[in-house]
1. Once every DSSP H run of n ≥ 4 in chain A is given -39500 (n - 2.57) and the sum is divided by its residues, what mean residue ellipticity at 222 nm do you get, rounded to the nearest 500 deg cm²/dmol?
2. Of the candidates A:35, A:23, A:105, which one comes out as most mobile in a Gaussian network treatment of chain A with C-alpha springs shorter than 10 Å?
3. Using only Cα atoms and rounding to the nearest 10 degrees, what angle (0 to 90) does helix B:146-157 make with the longest principal axis of chain B?
4. Of the candidates B:18, B:50, B:64, which one comes out as most mobile in a Gaussian network treatment of chain B with C-alpha springs shorter than 10 Å?
5. To the nearest 500 deg cm²/dmol, what mean residue ellipticity at 222 nm is calculated for chain B from DSSP H runs of n ≥ 4 alone, each contributing -39,500 (n - 2.57), summed and divided by the residues?
6. Among the listed pairs A:73/B:89; B:46/B:115; A:53/B:156; A:53/B:43; A:25/B:91; B:89/B:115, which have their C-alpha atoms separated by more than 25 angstrom in this model?
7. For residue B:153, give me every one of the aspartates and glutamates with a C-alpha distance below 16 angstrom, ignoring sequence neighbours fewer than eight places off in its own chain.
8. Around residue A:88, with a cut-off of 10 angstrom between Cβ atoms, what is the net charge of the other residues, counting Lys and Arg +1 and Asp and Glu -1?
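Every number in this text was worked out from the coordinates using simple rules, so none of it is lab data. A quick note: this is a predicted structure, and the numbers were derived from the prediction, not measured. Ideal geometry is used to build each Cβ from the backbone, glycine not excepted, and the neighbour counts take in all protein chains shown.
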Amino acid sequence: TVGCVAVDSAGNLASATSTGGYVNKMVGRIGDTPVIGAGTYANHLCAISATGKGEDIIRGTVARDVAALMEYKGLSLTEAAAYVVDQSVPRGSCGLVAVSANGEVTMPFNTTGMFRACASEDGYSEIAIWPNN
Amino acid sequence: MVGWAIALHGGAGDIPIDLPDERRIPRESALRHCLDLGISALKSGKPPLDVAELVVRELENHPDFNAGKGSVLTAQGTVEMEASIMDGKTKRCGAVSGLTTVVNPISLARLVMEKTPHIYLAFDAAEAFARAHGVETVDSSHFITPENIARLKQAKEFNRVQLDYTVPSPKVPDNCGDSQIG
């Protein structure tokens, strides 16, 4: 699975995700990627693209839950995304990338690794696969 | 006024810490290339929707990631790709599933968003929609790479459905016959 989220200097947000699914999946199986609110979501607060075990991500409504925690509980993007990855899906099943309308970036995952990269206008940039590398 | 920001991923899973350089370096290079592409687009004033689509198209065209050209194979050795896109300001969105010939599924998802009153098209109807709108298509053999044939063979040997980058292991199959490892 691949994905990208972006926010411009005016706070406009967008999310995109694309995948081939699982190796050896049943023909006709649909995963989380095209299910809006599961693998992909964006509103006026944030944009999220998720990757991992599609069925777990659909059950956890992962992308929408990040936005909902910001909208209804006032969590920051980092707090909301960390909560969902830690609490809403089984370990080893999910990662996501997300940006907020104010330019915050987060890329949590509970798998061994996630191919990921980010950058922001303040000069921060990261390209990584495993935690803390 | 806030600052721009961008993040992208190429999939998650049980990626071995000792991933060989010949598998790690091309993926890191691709991530860097796609990140630079997105940064340039944002700096030039492109809307985030265009930036997200642009970057995902680039990732789809890279054979080392599980999307587009690098899509993994179904149990029957075919490809069934899916994609979605969403604009935060308007909440407009588009999604596609079951694609077998579309080179860049993410752009078809955007066309669903922009050219139909609907959100989600799938399988034969999505393919027909792609042709009706002149979207680039190829023979589905374009997507079937030797590496993905080998991955399917390995997954079948272990009777497992396999998450991105996860190495299959000889575990006892689940009763559902459609199990996962991660």
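1. On the way: 3 runs with 25 residues, N = 133.
When only DSSP H runs of four or more count, the value is -5000 deg cm²/dmol.
2. Per the Cα network of chain A with a 10 Å cutoff, A:23 tops the list.
3. Helix B:146-157 and the main axis of chain B meet at about 50 degrees.
4. In this elastic network of chain B, the residue with the biggest mean-square fluctuation among B:18, B:50, B:64 is B:18.
5. That calculation yields -12000 deg cm²/dmol at 222 nm.
6. Details: A:73/B:89 20 Å; B:46/B:115 21 Å; A:53/B:156 18 Å; A:53/B:43 34 Å; A:25/B:91 30 Å; B:89/B:115 18 Å.
Over 25 Å Cα-Cα: A:53/B:43; A:25/B:91.
7. B:164, B:178
8. Working: positive: A:59; negative: A:56, A:65, A:86.
Surrounding charge for residue A:88 is -2.
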